[in-house]
Amino acid sequence: MIASNGERPYCQAHVDPLAGLRTPQDPPWDVYLTGTVFLDIIFTGLDSAPVRGTESWARGMGSSPGGVANMATALARLGLKTSLAAAFGDDHYGEYCWDALEQGEGIDLTPSRTVPGWHSPVTVSMAYEGERTMVSHGHEPPPEEPAPDCPPRARAAVAALTPGTRAPWIGQAASKGTRIFADVGWDDTGRWDLAGLADLEHCEAFLPNAEEAMRYTGANCPRAAAHALAEHVPLAVVTLGSEGAYAVDGRTGETAEVPAIAVEAMDPTGAGDVFVAGFVMGTLADWPLADRLAFAGLTAALSVQEFGGSLSAPGWSEIAAWWRRVQSVDDQDPTALRRYAFLEGLLPQVTRPWPLRRAVPTIGFGRSA
């Protein structure tokens with residue numbers, strides 16, 4: 001297991017991980033996704049969970065687009081051409097999130113829209129002891145409005161499956177040749193009926209966590225659950241928390257398991273989204289299954305060392321700085337280092353010293369009076 005700690009550099013390098021695969025006939029986008037964008041306000045440096053009847057002070061605070069924006073940002077920072085369909089309020093929060101995603105991250109918002117009079121949903125996240133507590137507020141979401149060419153042609157799409165509900169866009173995207181990668185949230189109904197995930201039939205890969213995988217399959221261990229899921233979807237990937245991840249390719253019978261990277265976690269917000277983004281990128285780049293798992297786990301590990309969802313998603317500069325750093329540690333396990341040697345030819349040169357932090361976006365900073 002490779003140990004990694006420290007802060008992240010703020011210089012960012014552009015890497016196109018699909019450069020060698022692109023052709024003039026490619027879809028305009030690498031990844032499409034849709035969902036709800038929240039404004040996330042994150043408090044860090046809390047010594048403990050808030051106590052009823054008392055006031056707690058946080059040593060750090062930041063703000064960023066959250067919700068589906070966590071995934072969109074993670075994909076874009078890994079060099080994938082990302083298109084997002086979402087509703088944005090016409091308040092300052094909505095303007096901030098739109099600008100941060102379009103101008104700051106280069107995400108295509110052509111399928112998105114601003115809804116007059118709709119208040120942006122907000123989540124306040126409090127991080128302490130490697131955990132988080134969240135409070136959210138939002139109004140009834142605006143009705144969906146079909147947009148032209150939506151979903152757009154894309155190599156891949158990331159979907160959140162909802163038990164008992166079909167999302168028509170998933171089947172539409174799959175019919176255009178888009179490869180669907182899906183995760184799932186907690187089943188509040190308590191049924192945990194795999195047949196209720198109707199859109200799983202359109203998916204190339206399904207990426208639940210260990211608890212979700214076992215509940216959906218009735219298996220008594222995550223690895224057995226992955227094999228059971230591979231009977232329903234071509235590729236099953238089960239995240240194992242501090243133990244890493246395990247994957248089964250139901251088409252070939254190939255399996256892969258990669259241990260987690262040991263880190264000092266500050267805030268786990270968005271780590272699951274970062275993992276999925278890393279796995280999608282590796283899959284589109286045609287990497288071996290074990291390399292995809294290792295890369296996804298690495299990006300997730302780097303993200304939990306910072307606070308916030310989209311704020312913490314690593315780009316290629318952070319990944320390159322980590323790789324240079326771990327190679328310089330005298331007592332690193334050579335076998336563990338070889339696990340990530342596939343990155344060597346892809347990473348940009350990092351000239352800034354490690355570690356450096358980049359500025360944390362806060363609403364209102366940088367705007368003229």
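The values are calculated or read from the model by the stated rules, or taken from the named source; none is laboratory data. Keep in mind that what you see is a predicted model, and the values were worked out from it rather than measured. Using ideal geometry, Cβ is built from the backbone for each residue, glycine included, and neighbour counts are taken over all protein chains shown. Note: areas computed on protein heavy atoms with side chains; ligands, DNA, RNA excluded. Shrake-Rupley method; radii C 1.70, N 1.55, O 1.52, S 1.80 Å.
A few remarks follow.
- Entry comment: accessible area of the range 159-272 is 45 Å² per residue, from protein heavy atoms only and a probe of 1.4 Å.
- Considering only THR34, GLN332, GLN172, the residue lying farthest towards the positive end of the dipole of the chain is GLN332, judged by Cα position with unit charges set on Cβ.
- Spin-label pair ASP47/THR165, simplified geometry with 7 Å Cα→Cβ offset, distance in nm: 4.2 nm
- log10 of Debye I(q)/I(0), alpha-carbon scatterers only, for the range 2-126 at 0.14, 0.16, 0.18 Å⁻¹: -0.76, -0.91, -1.04
- A protection proxy built from the mean count of other Cβ atoms within 10 Å ranks the segments 70-77, 198-205, most packed first, as 70-77, 198-205.
- Point-to-point label distance, HIS137-GLU95, nm (Cα→Cβ direction, 7 Å offset): 2.0 nm
- Among PRO65, PRO28, PRO168, the residue with the largest mean-square fluctuation in a Gaussian network model of the chain, with springs joining Cα atoms closer than 10 Å, is PRO168.
- FRET efficiency estimate (nearest 0.05) - Cβ-Cβ, ASP249 to THR54, R0 41 angstrom: 0.20
- Student exercise, the range 157-209 dipole from Lys, Arg, Asp, Glu Cβ charges, in Debye to nearest 20: 200 debye
- Principal axis box of the range 52-208, alpha-carbon based, largest edge first, Å: 53, 39, 33
- Environment charge at VAL258 (Cβ cut-off 11 Å; Lys +1, Arg +1, Asp -1, Glu -1): -1
- A DSSP coil position with no more than 10 other Cβ atoms inside 10 Å describes none of the chymotrypsin sites (Phe, Trp or Tyr not before Pro) in the range 191-231.
- Pair GLU211, ALA19: separation of 7 Å Cα→Cβ label points (nm): 4.2 nm
- Across all C-alpha atoms in the chain, the radius of gyration and Dmax reach 20.0, 62 Å.
- GNM flexibility winner over the chain from GLU231, GLU95, GLU144 (Cα, springs under 10 Å): GLU144
- Per residue of the chain, the DSSP helices (runs of n ≥ 4 H) give a summed -39500 (n - 2.57) that works out to -7000 deg cm²/dmol at 222 nm.
- Segment GLN103-VAL326, length gained on full extension (0.36 nm per residue, minus Cα span): 77.0 nm
- Here is the tail figure for the range 179-288: Cα pairs spaced more than 18 Å apart come to 48 percent of all pairs.
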